[in-house]
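J.: I'd like to ask you about the structure that follows.
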Amino acid sequence: MNALERHRALSRIWASDPGWRGWFTSVNHTDLGRMFMAVSAFFFIVGGILAMLIRAQLASPRSAFLGPEHYNQIFTMHGTIMMFLFAIPMFEGLAVYLLPKMLGSRDLAFPRLTAYGFWCYVFGGAMMIFSLLAGIAPDSGWFMYPPLSSAINSPGINSDFWLIGITFVEISAISAAVEITVTILRYRAPGMSLARMPIFAWYALVTAVMILTGFPPLILGSILLELERAFGLPFFQVAHGGDALLWQHLFWLFGHPEVYIIFLPAAGAISTILPVMSRTRLLGHQWVIASAVSLAVLSFGLWVHHMFTTGIPHLALAFFSAASTLVAVPTAVQIFAWIGTIAKGRPQMHLPMMWMLSFFATFVIGGLTGVMVAVVPFDWQAHDTYFIVAHLHYVLIGGFVFPMLGALYYWMPHVTGRKTFFKLGNTAFWLIVPGFHGTFLLLHWAGLLGMRRRIDTFDPGQGWEVINIIASVSSFVMAIGFALVLIDVVVNAAVAIRGSRDPWGAGTLEWAMPTPAAPYNFASLPQITSREPLWDTPDLPVQLARGEGYLGDPSRNRRETLTVEPATGAPEYIVVFPGNTALPILMSAVTGLFFLGMLIKAYWLVPVAAVGVLGCALVWAWGLQRRTPEGPLPVGRGLSLPVASEVAHPPGWWGSLFLLLADGTFFGSLLFGYAFLWTIAPNWPPQVWAQPGPHAIAILATGAVLAVIAARYARLWILQGSAMIVMGASGVLVLRSMPDPTVHAYAATVWVLVGYAILHQFIAFVTAVFHGMTRVAGHDPRTGPGLHRITVLWSDYAVGVSVIGIGAAAIPGFV
Amino acid sequence: MLAGCEERLSTVHPAGPAASAIADLWWVLLIGSVAITLLVAGLVLWAWRRPEGAVSERRFVIWLGLAFPMTVLWALLAYGLFIGERLLPREGPDTLVVTAEARRYEWRFGYDDRPGAVTRNRLHIPAGRPVDVAITSVDVVHAFWVPRLAGKLDAVPGHVNTLRIEAAQPGEYAGLSAEYNGPGYRGHGFTVIAHDAAGWQAFLQGEAP
Ligand code: HEM
Ligand SMILES: [Cu+2]
Ligand SMILES: [Cu+2]
């Protein structure tokens, strides 16, 4: 078989459906990555138009262009769209598109999950856009502080759009994060040990783990606030034992890591692009990885710096102030490593490099103003003024948008397969960068002159007029620049001439394929021996096309790729991917009905949709099961490997593990909320406790012991499922002994804790029964060890959260 | 005595000890930041022009990346903490206590020294004496902020936060709600009236409302 025949055969296997159908049934990461990026670019435009409306309104004092009702929706939606619908999805899209190509794989770990996440993002985003067009958009600011966003003070549907729409969109962040994590750990080319992994993958791994641990507090907060708004469970109502500060803690427990979730992928792009543009390797590679990791860890200990003015004791503030200034250290390590890289190499002024330089010119200032507001007394003055607005845009635009524009011009030849032809990009650069500084630099000063953020207009004579008119004019200059970038991209994609395969002379694997990429990425998978495979083996692309790598033989006629042992990169097993399917879009549409039911208070729809989602999930999972084992199969280069369904730790097990990491963080945040209310909120303790009695505890203990034992034996699946029902009974007993949850936050929180436990008992029950069904259906036990281990994981987790959750709920009633 | 209009809300035209300390802090921060920005810009320029060749990883990562920021930050942190401690409300012989209660869209002030009196949107204090404002809210989260006198502190329902303010000279000082609180946010403010000794006595006698 020659290279062309191999290409034809693989293309037939991997191609998406032809025509418009392909958009909806594709599960291919190249397609979905591009769609993700295109949709997030669309949201950037929407957010940008809102920004222009803001700047138009603030151009002159006493402007009558927008009143507060509109202005409040506009700034809230600008912030919300930029953070949730532009920045995070742009990272997801870039990672979805690039990672398999950089890692030497043919797709992401869970192709259908990519599609599911993407469609959840589209549908959730559409909800938000609808609210904007209908004039009923959220208007409590992007951090939605209750009680302003609570039902008494915001009775309209506006806040519900935020809570429900954003939670819906976050499904896509969580699924992308699970997928990215598992892909980076396992779906690499043979020989790619962690040490040989491209730096971008390191950053993406750190970011993905941060999403898994950073988003759950927000999701929890949104659920609690929606429960309060819809059913009167008073988590944030001080008169009923709630506390407005609980929301602020949960929100910023998410919100600060969020900033690094946005910055780190951009830093990953810089660490990838800047050395190539300087014709050298990254200086201090290990140090850069270490600082990305420590940045991630530290960023979870900083959230209180957004709450310096809420009356927290000064000693605690001092701790968070120290931690907040400390993050400057790993950031500095990276910045100086990049400067050192420029110094040791031979830098060239290509457009991507110009964007890297604009990053330095902007982000350093944003970092320094960040250190300023980390100093507590200064923040007491700067907080909630335009100083903060200026600071956050220096960080977000300087630290994310500019590097991403560099990434756009760096990887565009890869996506389009064309040479960047027109010089429009340079003109755009010279409009955007000065326009940006013109917009935001002086706004720091306006803040110090007392201009608060979020005011819809201002009176003349306070020294703000000149600053604001300069800001508004500059922002329009910047907007023209962004429009030029858009035109440039469209024109380039449409008419530019075909380019060479590796225009920048980069060493990473994504350039080892013809561009635009074929749906299968690599005709055969390389054996990796260093961090820059293309620099060691310049004719690697030819060898791969000739099928000299792994899995070069398409004769099994299905989508296959290899996984490796996480640390060493030794090949481990074959993964067989599903083909094109409309199941993901269907499932996300049904998921959308679930959220829609909540939103429009058609509560009958909620359980119906939940059953629908469960049905889709079962069909989905059943499709992965195999009746008969295949044994080890040849993968080329004299190697034979088993397939995923016959190994102990298949991708599904890894995916469950990381999903449980997010789930566990959610549960931890819930316990934190319980403890917080207990110790900090006024109006505690409550008047009445849950009194489940000793028999409820005895039932729980029995169920738990049974479940732990039965889960260990695949044959005992019926007992395993029954144990979950027993535990569920104890949960119901606790709930029945509960006081009314609308009266006090104690009862409301306990309801959620027990409800969470019952939900997980149900999930564990379903997985146990599902596993049992494969046995009933006569599947060979050799195809089931992985599935069994997955049920053990979920079963043990359910036992853990039941004991802790129901215990925490019931114990106060005994003492 | 009234400051020029341009400075009405300016944190860099302080009129009391707390705001002065923070304004000084700001100028230190600004000078330091400009110096560091120039340093980084200079380094980038140097790196760009330098001919190709190995550089010391130690110098860039350990010295510039770790040691340099650590030193600067510890110094800064100590300075910030010192100021923060000084600004805290502490018991003192001539400290006065007033209460501030925020709602949409009004501020109500009460006075320990003149029980029963409530003033709306006007807070009376004596000049030259430290005043502790006990801040709370009856509805949403607000913040109490008199930029020329001190930093801001939130008014959180169910909690009472205490902020120390002091006006060096008699006069009127503009105050603001500085936590977004809905459609009336822009106009939600108040005035602090700092009296001289005689004026304050008159206020306590109930002559000035
Ligand atoms: C395209 C140029 C942009 C301009 C001219 C702009 C302008 C502004 C302005 C003037 C505000 C303050 C509104 C107010 O407080 O009344 C604001 C708020 C905000 N912006 Fe931007 N922005 C831009 C891009 C971005 C980007 C790219 C992001 C994030 C990735 C972003 C995130 C935010 C956030 C989170 C807020 C706070 C919203 C709130 O207070 O609830 N902006 N923007
Ligand atoms: Cu933060
Ligand atoms: Cu605030």
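J.: Can you tell me which of (1) within 16 Å of ligand 2 (Cβ to nearest atom); (2) surrounded by 23 or more Cβ atoms within 10 Å (Cβ to Cβ) is the one A:P413 doesn't meet?
T.: (1)
J.: Go through the residues of segment B:70-80 one by one and say whether even a single one is part of a helix (DSSP H, G or I), at the interface with another protein chain (Cβ under 7 Å from one of its Cβ atoms) and open to solvent by 60 Å² or more (accessible area, probe 1.4 Å).
T.: There is at least one residue in segment B:70-80 that is part of a helix (DSSP H, G or I), at the interface with another protein chain (Cβ under 7 Å from one of its Cβ atoms) and open to solvent by 60 Å² or more (accessible area, probe 1.4 Å).
One line per residue, one yes/no per condition, for (1) outside the structural domain of A:P741 (by TED's automatic domain parsing); (2) under 30 Å from A:R546 (Cα atoms); (3) open to solvent by 40 Å² or more (accessible area, probe 1.4 Å):
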residue: A:V635; (1), (2), (3): yes, yes, no
residue: A:T665; (1), (2), (3): yes, no, no
residue: A:A675; (1), (2), (3): yes, no, yes
residue: A:H695; (1), (2), (3): no, no, yes
residue: A:L700; (1), (2), (3): no, no, no
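J.: Now for a separate question. What is the one condition in (1) facing another protein chain (nearest Cβ under 7 Å); (2) assigned to a loop (DSSP other than H, G, I, E, B); (3) crowded, with 17+ Cβ neighbours inside 10 Å; (4) not acidic (D, E) that B:L66 does not satisfy?
T.: Here B:L66 meets the rest and fails (2).
J.: Right, here's the next one. Within segment A:223-247, restricting attention to residues that are facing chain B (nearest Cβ under 10 Å) and hydrophobic (A, V, I, L, M, F, W, C), which residue is most open to solvent (accessible area, probe 1.4 Å)?
T.: Restricting to residues being facing chain B (nearest Cβ under 10 Å) and hydrophobic (A, V, I, L, M, F, W, C), the top hit is A:A239.
J.: Starting from segment B:175-201, keep only residues that are free of Cβ contacts under 8 Å to residues at least 24 places away in the same chain and away from chain A (no Cβ under 14 Å), then list their pairs with residues that are part of a helix (DSSP H, G or I) and aliphatic (A, V, I, L, M) whose Cβ atoms are within a distance under 9 Å, requiring at least 6 positions of separation or different chains.
T.: none
J.: Another question, then. Can you name the number of the only condition in (1) away from every other protein chain (no Cβ under 14 Å); (2) more than 30 Å from A:I273 (Cα to Cα); (3) in contact with a helix residue (DSSP H, G or I) (Cβ under 6 Å, 6 or more places away or on another chain); (4) assigned to a helix (DSSP H, G or I) that A:F65 fails?
T.: Among (1) away from every other protein chain (no Cβ under 14 Å); (2) more than 30 Å from A:I273 (Cα to Cα); (3) in contact with a helix residue (DSSP H, G or I) (Cβ under 6 Å, 6 or more places away or on another chain); (4) assigned to a helix (DSSP H, G or I), A:F65 violates only (4).
J.: Does A:L220 qualify as being open to solvent by less than 10 Å² (accessible area, probe 1.4 Å) and either within 16 Å of ligand 2 (Cβ to nearest atom) or within 16 Å of the chain's Cα centre (by Cα) (or both)?
T.: Yes.
J.: For segment A:282-333, which residues satisfy the criterion of being part of a loop (DSSP other than H, G, I, E, B) and within 23 Å of the chain's Cα centre (by Cα)?
T.: A:F300, A:G301, A:L302, A:V327
J.: Additional query: Hey, does segment A:109-120 have a residue that's of a type in the set (G, A, S), assigned to a helix (DSSP H, G or I), open to solvent by less than 10 Å² (accessible area, probe 1.4 Å) and over 29 Å from A:L551 (Cα atoms)?
T.: no
J.: Condition test on A:Q381, is it closer than 30 Å to B:H188 by Cα, within 14 Å of chain B (Cβ to nearest Cβ) and either surrounded by fewer than 20 Cβ atoms within 10 Å (Cβ to Cβ) or touching a Cys at 6+ places or on another chain (Cβ under 8 Å) (or both)?
T.: no
J.: Take residues that are crowded, with 16+ Cβ neighbours inside 10 Å and tell me which of the strands (runs of 3 or more DSSP E) falling wholly in segment B:108-162 contain 2 or more.
T.: B:122-126, B:131-137, B:142-145, B:153-155
J.: Looking only at segment A:461-473, filter to residues that are open to solvent by less than 50 Å² (accessible area, probe 1.4 Å) and more than 8 Å from every other protein chain (Cβ to nearest Cβ); which one of those is farthest from B:T11 (Cα to Cα)?
T.: Per the stated criteria, the residue is A:S472.
J.: Then there's this: Could you check, for segment A:331-338, whether at least one of its residues is at the interface with chain B (Cβ under 7 Å from one of its Cβ atoms) and touching a residue at least 40 places away in the same chain (Cβ under 8 Å)?
T.: Yes: segment A:331-338 contains one or more residues that are at the interface with chain B (Cβ under 7 Å from one of its Cβ atoms) and touching a residue at least 40 places away in the same chain (Cβ under 8 Å).
J.: Out of everything in segment B:1-21 that is part of a loop (DSSP other than H, G, I, E, B), away from every other protein chain (no Cβ under 11 Å) and open to solvent by 40 Å² or more (accessible area, probe 1.4 Å), what residue ends up being modelled with the lowest pLDDT?
T.: Across segment B:1-21, the extreme among qualifying residues is B:M1.
J.: Among the residues of segment A:449-460, what is the count of those that are part of a loop (DSSP other than H, G, I, E, B), within 7 Å of another protein chain (Cβ to nearest Cβ) and closer than 14 Å to B:A174 by Cα?
T.: Qualifying residue count, segment A:449-460: 2.
J.: Let me ask something else. Does A:I725 qualify as being open to solvent by less than 30 Å² (accessible area, probe 1.4 Å) and assigned to a helix (DSSP H, G or I)?
T.: Taking the combined requirement at face value, the residue does not satisfy it.
Residue-wise test of (1) open to solvent by 10 Å² or more (accessible area, probe 1.4 Å); (2) polar (S, T, N, Q); (3) more than 23 Å from A:A621 (Cα to Cα).
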residue	(1), (2), (3)
A:G755	yes, no, yes
A:A768	no, no, no
A:V776	yes, no, no
A:G786	no, no, no
A:S795	no, yes, no
A:F814	yes, no, yes
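J.: Select from segment A:285-309 the residues that are buried (at least 23 other Cβ atoms within 10 Å of the Cβ), away from ligand 2 (no atom under 16 Å from the Cβ) and within 9 Å of chain B (Cβ to nearest Cβ) and list them in ascending order.
T.: If the condition is that a residue be buried (at least 23 other Cβ atoms within 10 Å of the Cβ), away from ligand 2 (no atom under 16 Å from the Cβ) and within 9 Å of chain B (Cβ to nearest Cβ), then A:V288, A:S291 are the ones that fit.
J.: Now, a different point. Inspect all residues belonging to segment A:84-102 and state whether any of them is in contact with a Pro (Cβ under 6 Å, 6 or more places away or on another chain), hydrophobic (A, V, I, L, M, F, W, C), away from ligand 1 (no atom under 16 Å from the Cβ) and open to solvent by less than 40 Å² (accessible area, probe 1.4 Å).
T.: So far as segment A:84-102 goes, yes, one or more of its residues are in contact with a Pro (Cβ under 6 Å, 6 or more places away or on another chain), hydrophobic (A, V, I, L, M, F, W, C), away from ligand 1 (no atom under 16 Å from the Cβ) and open to solvent by less than 40 Å² (accessible area, probe 1.4 Å).
J.: So A:P257 ticks every box in (1) open to solvent by 10 Å² or more (accessible area, probe 1.4 Å); (2) under 18 Å from A:V206 (Cβ atoms); (3) within 16 Å of ligand 2 (Cβ to nearest atom) but one. Which box is left unticked?
T.: It is condition (1) that A:P257 fails.
J.: Next up: Give the residue, chosen from A:I312, A:I388, that is touching a Lys or Arg at 6+ places or on another chain (Cβ under 7 Å), more than 7 Å from every other protein chain (Cβ to nearest Cβ) and surrounded by fewer than 23 Cβ atoms within 10 Å (Cβ to Cβ).
T.: A:I388
The values are calculated or read from the model by the stated rules, or taken from the named source; none is laboratory data. In this text the structure is predicted, and so the values were computed from the model without any measurement. Note that each Cβ is placed from the backbone with ideal geometry, even for glycine, and that neighbours are counted across all protein chains shown. Keep in mind that these areas ignore ligands, DNA and RNA; they rest on the heavy atoms of the full protein, side chains included. Shrake-Rupley method; radii C 1.70, N 1.55, O 1.52, S 1.80 Å.
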